[in-house]
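Everything on this sheet refers to the single structure shown next.
The values are calculated or read from the model by the stated rules, or taken from the named source; none is laboratory data. On a predicted model such as this, the values are computed, not experimentally measured, just so you know. Positions of Cβ are generated from backbone atoms using ideal geometry, with glycine treated the same way; all protein chains shown enter the neighbour counts. Accessible surface areas use protein heavy atoms only, side chains included; no ligands, DNA or RNA. Shrake-Rupley method; radii C 1.70, N 1.55, O 1.52, S 1.80 Å.
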Amino acid sequence: MSVTRIVVVDDQEVVRAAFAALLATQPDFAVVGAAADGAQAVRVCREQRPDVVLMDVRMPVVDGIEATRRVLADGGDTRVVILTTFDLDEHVYDALEAGASGFLLKDVTAERLFDAVRVVAAGDALLAPAVTRRLVAEFARLRVRRPSPPTSLSTLTPRETEVLRLIAEGLSNPEIAARLVVGEETVKTHVSRVLGKLGLRDRTQAVVLAYESGLIVPGGAAV
């Protein structure tokens, strides 16, 4: 059985302990480290090379956004899930820009936590697509960020561009397959090619890019 190595980062000891205790109940999880601030998180991640980091946003010394950026800059396959108290938190959007794979509310249920860690560790799905899409769209609108689409989008075929739009709308692979009337394996191939051509780690980054490039207009309309 494959074991997912996890680091828990939060400036509140009770929160760290609670998440660690919950995660430890699962036979396929191993909590290999914990940290009380972003600087400690970076050090622990360099030592342990975890698969998944649960990262608080607001922390002393180094906040979760900068810590996320540093952890991912070190390379490897580590993925970061942001922990937040509010589902519309501008800091979460900043963390997604920094490369986080998604986010969870701190009052998440145990089963939702377990599912989220497994999903992110697998790297094959967007975490909480509807909520993530709403958050990204809202802050893209508030910041009025509408730069010209990056030249990298020109490397996509028309079908790959359509798949990117559907990813940004929060559709799962089966939903995309139904929309395009193709098989799920075909969709998986398109998604893989989109991420590879654009140099993206996962679907969450694809959502961010789609909004920030102007491919998707906040509110859900494609251009």
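If you check Ala67 against the conditions, is it more than 29 Å from Glu212 (Cα to Cα) and touching a helix residue (DSSP H, G or I) at 6+ places or on another chain (Cβ under 8 Å)?
Answer is no for this residue.
Which one is surrounded by the most Cβ atoms within 10 Å (Cβ to Cβ) among residues in the range 18-31 that are in contact (Cβ under 8 Å) with a residue 12 or more places away in the chain and outside any loop (DSSP other than H, G, I, E, B)?
Among those that are in contact (Cβ under 8 Å) with a residue 12 or more places away in the chain and outside any loop (DSSP other than H, G, I, E, B), it is Phe19.
For the range 71-114, which positions are modelled with pLDDT under 90, part of a helix (DSSP H, G or I) and surrounded by 14 or more Cβ atoms within 10 Å (Cβ to Cβ)?
Result: Glu90, His91, Val92, Tyr93, Asp94, Ala95, Leu96, Glu97, Ala98.
Filter the range 163-190 down to residues that are open to solvent by less than 60 Å² (accessible area, probe 1.4 Å) and either closer than 16 Å to Leu215 by Cα or part of a loop (DSSP other than H, G, I, E, B) (or both), then give me how many there are.
Selection size over the range 163-190: 12.
Only residues that are small (Gly, Ala, Ser) and either more than 20 Å from Gly199 (Cα to Cα) or buried (at least 16 other Cβ atoms within 10 Å of the Cβ) (or both): list them for the range 153-162, please.
none
Take Val15 and tell me if it is touching a Lys or Arg at 6+ places or on another chain (Cβ under 7 Å), open to solvent by 10 Å² or more (accessible area, probe 1.4 Å), over 18 Å from Val120 (Cβ atoms) and hydrophobic (A, V, I, L, M, F, W, C).
yes
Specify which of the listed residues (Ala41, Ala30) is of a type in the set (Gly, Ala, Ser), over 20 Å from the mean Cα position of the chain (by Cα) and over 19 Å from Asp202 (Cα atoms).
Only one candidate passes the filter, namely Ala30.
Just give me the residues in the range 41-58 being of a type outside the set (Asp, Glu) and surrounded by fewer than 19 Cβ atoms within 10 Å (Cβ to Cβ), in sequence order.
Within the range 41-58, Arg43, Arg46, Gln48, Arg49, Arg58 meet the criteria.
Please verify whether the range 44-53 includes one or more residues that are without any contact (Cβ under 8 Å) to a residue 60 or more places away in the chain, more than 13 Å from Thr78 (Cβ to Cβ) and among the hydrophobic types (A, V, I, L, M, F, W, C).
No: the range 44-53 contains no residue that is without any contact (Cβ under 8 Å) to a residue 60 or more places away in the chain, more than 13 Å from Thr78 (Cβ to Cβ) and among the hydrophobic types (A, V, I, L, M, F, W, C).
If Thr68 satisfies every condition in (1) of a type in the set (Val, Ile, Thr); (2) part of a strand (DSSP E or B); (3) crowded, with 24+ Cβ neighbours inside 10 Å but one, which is the exception?
(2)
So Arg5 fits all but one of (1) more than 22 Å from Thr85 (Cβ to Cβ); (2) open to solvent by 60 Å² or more (accessible area, probe 1.4 Å); (3) of a type outside the set (S, T, N, Q); (4) out of contact with any strand residue (DSSP E or B) (no Cβ under 6 Å at 6 or more places or on another chain); what number is the exception?
(4)
Identify the single condition in (1) open to solvent by 20 Å² or more (accessible area, probe 1.4 Å); (2) farther than 22 Å from Arg118 by Cα that Val62 does not satisfy, given that it satisfies every other one.
(1)
Could you grab me the full set of residues in the range 1-12 that are under 20 Å from the mean Cα position of the chain (by Cα) and farther than 16 Å from Val120 by Cα?
Those that are under 20 Å from the mean Cα position of the chain (by Cα) and farther than 16 Å from Val120 by Cα: Val9, Asp10.
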